[in-house]
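**Q** Can you read through this structure? Questions will come right after.
The values are calculated or read from the model by the stated rules, or taken from the named source; none is laboratory data. These numbers come from a predicted model, not from an experiment. Cβ placement follows ideal geometry from the backbone for every residue including glycine, while neighbour counts extend to all protein chains displayed. Note: areas computed on protein heavy atoms with side chains; ligands, DNA, RNA excluded. Shrake-Rupley method; radii C 1.70, N 1.55, O 1.52, S 1.80 Å.
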Amino acid sequence: MTPAENYAADGFYLHTAPILSADLVRRAAAGQEAICRGEYNTGSPPLQSPWNPGDSPDKLVKIEQPQFADNAVWEVVSNTGIGEAAAELTGAEMVQVWWVQMLVKPSTESSETRTNIGWHQDRQYWKAWEEGSELFTAWVALTDVEEDCGPMKFLRGSNHWGLLDSGDFYGQDLDDQAKQIQGTNREAAEDVQAILSAGAVSFHHCLTFHGSGPNLSGRSRRSLALHMRTEKSRPKNDKKEGLTRFIDDETKCPVIYRK
Ligand SMILES: O=C(O)CCC(=O)C(=O)O
């Protein structure tokens, strides 16, 4: 199967060959640390987020639109190599990054810190887009993500289940959630871990169920989730508001591939 056929069948694709250089990975990871300290080399902050400077480092760091705040993070977000890989998988003529989340999952010794990410479909949170819009995510690893780091996991083929609207990003008991999501008469889907080296990227469709468990590795798991669209997408009722409000500004939401 080609990468595009794999992506269409499974709902995700692991681009295990690093797309980013080691130097860019190092600078972007340093940029993440600066953002966490409230230091912004662009002169602008990210958006107000679930985690803000001063919050506990033991919690899952989730910062919205970090590319507003750091030049190296912007370099990752506007990387055309990621755009080309995305176009190869989707057959797109245009790929735009319309939203970015910076995720740092600290290492933990207990589940009390609630750093798991529950099974969910991104589409359940993206109601600002018209039905049928082609939306997906490139998850960029800025550290090596091994089995003990709480790697992202995908339910293979769940992109064909439609929008179930039953996931929860903040859910902590993934086993219980998976049972409820798969119901009694659905075949249990295989879950596949995204083991990635720093600079590599996984891609997942907006209907693919995904989540992740605890990071027990002793080091932080660092990533940038680049939420993308192709030319086959439209803001709901053509209103650019909420999550779609920045799409006309390519200095914030770069187009990273054009045919
Ligand atoms: O980082 C994770 O484990 C999950 C990230 C996620 O939900 C996403 O990128 O859509």
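**Q** Set Lys and Arg Cβ to +1 and Asp and Glu Cβ to -1, take the dipole of the chain about its Cα centre, and tell me which of Gln121, Leu226, Leu207 lies farthest positive.
**A** Towards the positive end, the residue furthest out is Leu226.
**Q** Set the bar at 23 Å for Cα to Cα. Now go through Lys127/Lys232; Lys127/Lys259; Lys232/Lys259; Lys105/Lys153; Lys127/Lys240; Lys105/Lys239 and name every pair that lies beyond it.
**A** Working: Lys127/Lys232 16 Å; Lys127/Lys259 28 Å; Lys232/Lys259 14 Å; Lys105/Lys153 14 Å; Lys127/Lys240 12 Å; Lys105/Lys239 34 Å.
Where the Cα-Cα span goes over 23 Å, the pairs concerned are Lys127/Lys259; Lys105/Lys239.
**Q** Report, in debye and to the nearest 20, how large the dipole of segment 1-104 comes out about its Cα centre when Lys and Arg carry +1 and Asp and Glu carry -1 on their Cβ.
**A** On the way: 5 positive and 13 negative charges, 62 e Å.
My answer is approximately 300 debye.
**Q** Could you work out how much longer the chain between Tyr125 and Arg156 gets when fully extended? Use 0.36 nm per residue separation minus the Cα distance between them, nm to one decimal.
**A** Values: separation 31, 0.36 × 31 = 11.16 nm, distance 2.03 nm.
Extra length available between Tyr125 and Arg156 comes to 9.1 nm.
**Q** Filter the chain for me: DSSP H helices, axial length by Cα at least 18 angstrom, mean Kyte-Doolittle hydropathy not below 1.6. List them by residue number.
**A** Numbers: long enough: 22-37 (23 Å, -0.03).
Qualifying helices: none.
**Q** I've got another one for you. Would you mind getting the accessible area per residue of segment 131-259, heavy atoms of the protein chains only, 1.4 Å probe, in Å²?
**A** Details: 6050 Å² over 129 residues.
Averaged over the residues of segment 131-259, the accessible area is 47 Å².
**Q** Quick check: at a probe of 1.4 Å, how many percent of the accessible area of segment 3-258 sits on carbon and sulfur atoms?
**A** Details: 5070 of 11130 Å².
Taking all protein chains in place, segment 3-258 shows 46 percent carbon and sulfur surface.
**Q** How much length, in nm to one decimal, is gained on full extension between Ala4 and Asn71, taken as 0.36 nm per residue of separation minus their Cα-Cα distance?
**A** On the way: separation 67, 0.36 × 67 = 24.12 nm, distance 3.12 nm.
Contour length minus the Cα-Cα distance gives 21.0 nm.
**Q** Given H placed 1.01 Å from N in the peptide plane, which residues other than close sequence neighbours of Glu130 have an amide H under 5 Å from its amide H?
**A** Arg234, Lys236
**Q** Now for a different question. Per residue, what accessible area does segment 1-125 have, given a 1.4 Å probe and all protein chains present, in Å²? If you can, show how the numbers build up before the last one.
**A** Details: 5300 Å² over 125 residues.
Value returned for segment 1-125: 42 Å² of accessible area per residue.
**Q** Moving to a separate point now. Rounded if a/c is under 1.5, else prolate if a/b is larger than b/c, else oblate: which is segment 3-258, with a ≥ b ≥ c the root eigenvalues of its Cα gyration tensor? Can you show the working numbers first?
**A** Details: a/c = 1.39, a/b = 1.06, b/c = 1.31.
In terms of gyration-tensor shape, rounded.
**Q** Just how large is the dipole of segment 199-257 about the Cα centre, in debye to the nearest 20, putting +1 at every Lys and Arg Cβ and -1 at every Asp and Glu Cβ?
**A** Using Cβ point charges on Lys, Arg, Asp and Glu, segment 199-257 gives about 220 debye.
**Q** What dipole magnitude, in Debye to the nearest 20, does segment 3-258 give about its Cα centre under +1 on Lys/Arg Cβ and -1 on Asp/Glu Cβ? Don't skip to the end; give the middle numbers.
**A** Numbers: 25 positive and 37 negative charges, 91 e Å.
Using Cβ point charges on Lys, Arg, Asp and Glu, segment 3-258 gives about 440 debye.
**Q** Work from the charge dipole of segment 22-136 (Cβ charges, +1 for Lys and Arg, -1 for Asp and Glu, about the Cα centre) and give the residue of Ser49, Val97, Ala29 farthest towards its positive end.
**A** Ser49
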